[in-house]
1. Mind telling me which of 128, 28, 63 comes out most flexible in a GNM of the chain, alpha-carbon contacts under 10 Å?
2. In percent, how large is the relative contact order of the stretch 1-50, given Cα pairs closer than 8 Å and 6 or more residues apart?
3. Label point 7 Å out from residue 78 along Cα-to-Cβ: which residues of the stretch 128-146 have amide N under 18 Å?
4. In whole percent, what relative contact order does the chain give with Cα contacts below 8 Å and a gap of six or more residues?
5. Can you give me the pair-distance distribution of the chain, C-alpha pairs, 10 Å bins, whole percents?
6. Taking the 0 to 90 degree range and rounding to the nearest ten, how far is the long axis of helix 52-77 tilted relative to the main principal axis of the chain, both from C-alpha atoms?
7. Angle between the Cα long axis of helix 184-203 and the longest principal axis of the chain, 0 to 90 degrees, nearest 10?
8. Mind checking which of 134, 90, 67 has the largest fluctuation in a GNM of the chain, springs on alpha carbons under 10 Å?
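What follows draws every value from the coordinates through simple rules; no lab data is involved. Since we're looking at a predicted model, the values are computed, not measured. Here Cβ is always computed from backbone atoms with ideal geometry, including for glycine, and neighbour counts include all displayed protein chains.
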């Protein structure tokens, strides 16, 4: 089997497992079911991941790493963007990746907890949080304590994720119609407003 074929097989397993873990939880999704959904045999799953637990952890880590890299790359390639613009871009990124976002969050709420050795390496909170912090410091040009920065990133990032999850699930629609306060444009306006409030607080 070529390297490309091995990579394709691993990707099939990851995509199938992510959906099944999100739907059934860690205990509910069997190795046999994951392999069948991916169109591979159990030996292939064991070859790539050695166990169902390792597969679960790798999916969580991949989602975290992918998001971190996307956010960090955007900041690096757009150094003149404001925190507002950066936050709106992050919201749009999560909308584009809505399937992954929903699946990972369902996995986070499943019956499998991550121990310390499997936790993502980011030491400051959500994926890309250091990039968020860098953008905030650059815009404010003020000394900010780590505690205050952690609060700021948490407030902005958690709101972005919440809005993306709700919008992508059409949770905010009424009778099948999009409410004017819950359109994508309205939510992006809310994010900009929130960022202004957070930055104003940091300036005080």
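1. Ranking 128, 28, 63 by mean-square fluctuation puts 28 first.
2. Computed over the stretch 1-50, the figure is 39 percent.
3. Output list for this probe position: 128-140.
4. Normalised by residue count, the contact order of the chain is 24 percent.
5. 8, 29, 30, 22, 10, 1, 0
6. The two axes meet at around 30 degrees.
7. Roughly 60 degrees between the two axes.
8. Among 134, 90, 67, the largest GNM mean-square fluctuation belongs to 134.
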